[in-house]
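Working notes for the structure below.
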Amino acid sequence: MLHLTNISKTYQTDKIETTALSNIDLSIKKGEFISVMGPSGCGKSTLLNIIGLLDQPSDGQITVAGQQITSYKDKDITQLRNEKIGFIFQSFHLISDLRVIDNVELPLLYRKISAKKRRQMALEALEKVGLSARTLHYPNQLSGGQQQRVAVARAIVGKPKLLLADEPTGNLDSHMGDEIMKIIESLHKNHETTIVMVTHDEAMAKRTERIVRVFDGQLVH
Amino acid sequence: MLKNYLMTAWKVFQRRKFFTFINLFGICITLTIIVVATRVADNNLYPTGPEKNNEHFLVISKLTLTDDKQQNIDSSYPGFKFINDYVLPLKAPEIISVYTKSNTISSFIKELKIKQQLRRTDANYWKVLQFEFVHGQSFDQQQFDLGHSVAVINQHTALQYFDRTDVVGEQIDLQNQRFEIIGVVKNVPPTELNAHSDIWVPFTTLPTTAYRHQMRGNFQAILYHSNPERLKDAQLEFINRLKHEFVNENSEMTKAFSYADNKLEEMARDFFGEETSFETHIQTLIIFSILLSLLFMLLPSINMVNLNISRIMERSSEIGVRKAFGASTSQLVWQFIIENILLTLIGGTMAFSLSIFILNGIEISGLIPYVEFTFNFRVFAVSLLMILIFALVSGVYPAFKMARLDPVIALKRGL
Ligand SMILES: Nc1ncnc2c1ncn2[C@@H]1O[C@H](COP(=O)(O)OP(=O)(O)OP(=O)(O)O)[C@@H](O)[C@H]1O
Ligand SMILES: [Mg+2]
């Protein structure tokens with residue numbers, strides 16, 4: 001499903017070179033649910049962004065959904081991002097100008113799907129996260145937990161093969177966090193979605209199938 | 001997709017009322033000025049009164065005399081002698097009309113002193129210009145030749161004197177001469193330089209014939225041809241005649257410069273022309289006008305660019321999210337451009353309405369007497385074009401700049 005070979009990432013800022021990741025080798029099987037842990041600043045988000053093709057590694061090879069990435073040009077990766085990958089961010093990143101339903105529909109806009117079908121798929125996704133009653137609200141009219149559920153619905157509406165979650169429960173209290181975790185777990189069980197989740201929470205991490213630990217930009221075994 | 005861009009744009013406007021308001025305000029002011037300017041320019045270039053057929057004629061209204069060394073330069077309206085010797089013999093025009101510029105005269109009506117414009121014309125004048133007669137008619141060649149004391153007046157003057165317009169057969173006194181009114185025409189605004197006046201009488205009614213011997217004076221001429229293409233021949237013929245055949249007896253001013261110009265050429269010459277050359281300056285005028293309007297749009301555009309950048313910048317999280325979920329850079333560019341075009345069109349619509357208010361205001365205020373600004377397809381098309389140029393100039397750069405944001409950075413910035 002996913003292969004990282006010898007991935008490195010360095011940031012160049014004002015003569016200081018920061019190594020965020022160095023020589024990462026990682027394989028994730030189809031349908032696997034793994035968590036990524038490590039101290040703050042160790043490179044977890046960078047790793048996730050590289051897996052999600054949002055960021056370009058300085059070195060190394062990556063294969064996503066059976067496709068080796070050789071170019072980061074728009075035309076080569078937008079379709080992959082759109083059809084194969086779903087994101088959940090720590091700070092939700094809902095578009096505040098759009099209603100819940102329009103936020104959830106967003107990934108489908110960049111596919112050839114009729115408006116009616118889009119609406120139907122968005123409603124289904126919202127039902128899965130238990131928010132059918134809030135479709136016409138704006139994000140700022142919802143609680144944090146509800147907002148993250150909208151974000152989950154948006155991430156899964158396009159039925160991606162790979163779900164990437166960067167501290168999805170980091171901004172929520174433990175009760176809300178548990179709810180989100182349950183939704184993610186059910187996705188894994190029912191749809192065989194491959195899931196990579198960054199978390200700081202040992203308890204959450206234990207509920208996944210494998211824990212990958214990062215320290216100072218390197219994997220520790 | 002377009003529909004969705006429009007929907008999104010509409011939602012964004014509704015949710016960000018303050019930004020939308022500021023944006024619209026800037027757009028509206030700029031565009032109102034552009035629309036008003038377009039309509040005023042259109043009104044000047046394409047008159048709707050007696051000069052509405054102005055593509056069929058050229059006007060000679062200036063004469064510059066110099067000595068051999070061009071040290072003495074003397075410009076004025078042509079005199080009748082000049083017109084008689086060098087204009088009337090021209091072969092290329094079908095009709096030539098001779099008339100004076102309009103002069104301000106004072107008369108007393110009911111013991112009230114009022115100022116009026118008086119113009120003295122020939123009979124051809126009424127053939128080449130398309131006056132609309134409310135009552136009566138113009139004077140003909142015979143009345144002109146015999147120097148009949150007849151006058152055509154406009155509605156405004158009729159009302160001033162008689163409180164009604166149906167005044168054919170009445171008499172008025174002008175400069176100690178008594179004239180019989182034979183026609184009443186619709187009011188003509190001063191933007192129609194050759195037609196405008198309050199009262200028109202034959203110039204054969206002038207008290208003396210001294211004007212017949214003057215090289216310089218206050219006469220003008222119109223060269224008319226039913227086929228506008230043929231006017232170029234008239235232009236050339238006139239210039240050649242001046243270059244090769246001009247003589248000014250008993251004077252050291254031996255060279256003459258004058259021009260048969262259409263409306264645009266006349267404007268160009270007013271702005272850029274040299275008195276002692278036959279050059280036209282239309283290209284300069286057109287380039288200058290384009291530069292001026294671009295310059296005028298530049299400042300508000302820069303303003304709009306800034307406003308647009310900060311408007312889009314506030315939405316960097318949205319850019320990051322859209323990219324993460326598969327939007328391409330070009331899709332985002334289009335989204336922002338369409339947003340801007342929509343906003344500009346709304347502002348443009350407001351500007352159209354506002355321009356109607358302003359121009360109605362000018363019409364009513366009497367700032368330019370009798371002026372009537374029409375709204376036609378040409379004005380609409382030109383204004384729309386300017387509006388779209390404005391939208392593109394102010395929207396494309398921010399759209400490109402923002403759509404190319406790195407998604408990771410956009411997401412971080414959007415926190
Ligand atoms: N755009 C950037 N420019 C320079 N350095 C960066 C940039 N982004 C990240 N870094 C550096 O790369 C390293 C890894 O950052 P990253 O965000 O991946 O950490 P993280 O493990 O997700 O931390 P946290 O748990 O706090 O989210 C850090 O040292 C960070 O300072
Ligand atoms: Mg992080």
Under 9 Å between Cβ atoms, which residue pairs at least 6 apart in sequence (or on different chains) link something in region A:21-34 that is at positive phi with a partner that is open to solvent by less than 60 Å² (accessible area, probe 1.4 Å) and among the hydroxyl-bearing types (Ser, Thr, Tyr)?
A:23/A:8; A:31/A:193; A:31/A:194
Restrict the check to region A:83-97 and report whether at least one residue is at the interface with another protein chain (Cβ under 8 Å from one of its Cβ atoms), part of a helix (DSSP H, G or I) and surrounded by fewer than 21 Cβ atoms within 10 Å (Cβ to Cβ).
yes
Filtering region A:1-18 down to residues that are of a type in the set (Ser, Thr, Tyr) and within 16 Å of ligand 2 (Cβ to nearest atom), which residue is farthest from the other protein chains (Cβ to nearest Cβ)?
A:18
Please indicate, with yes or no, whether at least one residue in region A:182-190 is in contact with a His (Cβ under 6 Å, 6 or more places away or on another chain), more than 14 Å from chain B (Cβ to nearest Cβ), under 23 Å from residue A:2 (Cα atoms) and more than 16 Å from ligand 1 (Cβ to nearest atom).
no
Residue B:391 is checked against (1) within 14 Å of chain A (Cβ to nearest Cβ); (2) free of Cβ contacts under 8 Å to residues at least 60 places away in the same chain and fails just one. What number does that condition carry?
(1)
From B:285, B:295, residue being surrounded by fewer than 17 Cβ atoms within 10 Å (Cβ to Cβ), out of contact with any His (no Cβ under 8 Å at 6 or more places or on another chain), away from chain A (no Cβ under 14 Å) and not charged (D, E, K, R)
B:295
In this structure, is residue A:51 within 16 Å of ligand 1 (Cβ to nearest atom), touching a residue at least 24 places away in the same chain (Cβ under 8 Å), among the aliphatic types (A, V, I, L, M) and touching a Pro at 6+ places or on another chain (Cβ under 9 Å)?
no
Of all residues being more than 10 Å from chain A (Cβ to nearest Cβ) and among the hydroxyl-bearing types (Ser, Thr, Tyr) in region B:310-329, which is nearest to residue A:54 (Cα to Cα)? Just the residue, please.
B:316
Flagged in region B:1-55 as open to solvent by 80 Å² or more (accessible area, probe 1.4 Å) and within 14 Å of chain A (Cβ to nearest Cβ), in numbering order, are B:1, B:2, B:3, B:7, B:10, B:14, B:15, B:17, B:18
Note on region B:100-123: residues open to solvent by 10 Å² or more (accessible area, probe 1.4 Å), of a type in the set (Val, Ile, Thr) and within 24 Å of the chain's Cα centre (by Cα) are B:104
For region B:337-345, does any single residue satisfy the condition of being farther than 26 Å from residue B:41 by Cα and within 12 Å of chain A (Cβ to nearest Cβ)?
yes
Do we find that residue B:351 is under 28 Å from the mean Cα position of the chain (by Cα) and in a helix (DSSP H, G or I) in this structure?
yes
Which of the following residues is touching a Gly at 6+ places or on another chain (Cβ under 7 Å) and open to solvent by 60 Å² or more (accessible area, probe 1.4 Å): B:308, B:340, B:303, B:360?
B:303
Hey, residue B:317 hits all of (1) in contact with a His (Cβ under 6 Å, 6 or more places away or on another chain); (2) open to solvent by 40 Å² or more (accessible area, probe 1.4 Å) but one; which does it fall short on?
(2)
Considering every residue within region A:112-126, establish whether at least one is at the interface with another protein chain (Cβ under 8 Å from one of its Cβ atoms), closer than 23 Å to residue B:319 by Cβ, assigned to a loop (DSSP other than H, G, I, E, B) and open to solvent by 20 Å² or more (accessible area, probe 1.4 Å).
no
Within region A:20-79, can you find the residues that are assigned to a loop (DSSP other than H, G, I, E, B) and within 16 Å of ligand 2 (Cβ to nearest atom)?
A:38, A:39, A:40, A:41, A:42, A:43, A:52, A:54, A:55
Within region B:54-76, track down each residue that is outside any strand (DSSP E or B) and at pLDDT 90 or above.
B:54, B:55, B:56, B:61, B:62
Per-region count, region B:381-415, residues open to solvent by 10 Å² or more (accessible area, probe 1.4 Å) and hydrophobic (A, V, I, L, M, F, W, C):
16
Flag for residue A:28 being away from chain B (no Cβ under 13 Å) and either open to solvent by less than 20 Å² (accessible area, probe 1.4 Å) or within 15 Å of ligand 1 (Cβ to nearest atom) (or both)
yes
Taking only region B:207-221 into account, find how many residues are of a type outside the set (Ser, Thr, Tyr) and free of Cβ contacts under 8 Å to residues at least 12 places away in the same chain.
1
Among residues of region A:186-207 being in contact (Cβ under 8 Å) with a residue 60 or more places away in the chain and aliphatic (A, V, I, L, M), the residue surrounded by the fewest Cβ atoms within 10 Å (Cβ to Cβ) is A:205
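The values are calculated or read from the model by the stated rules, or taken from the named source; none is laboratory data. No experiment lies behind these values; they were computed from the predicted model shown. No Cβ is skipped: glycine too gets one built from the backbone with ideal geometry, and neighbour counts run over all protein chains shown. SASA here: full protein model, heavy atoms, side chains in, ligands and nucleic acids out. Shrake-Rupley method; radii C 1.70, N 1.55, O 1.52, S 1.80 Å.
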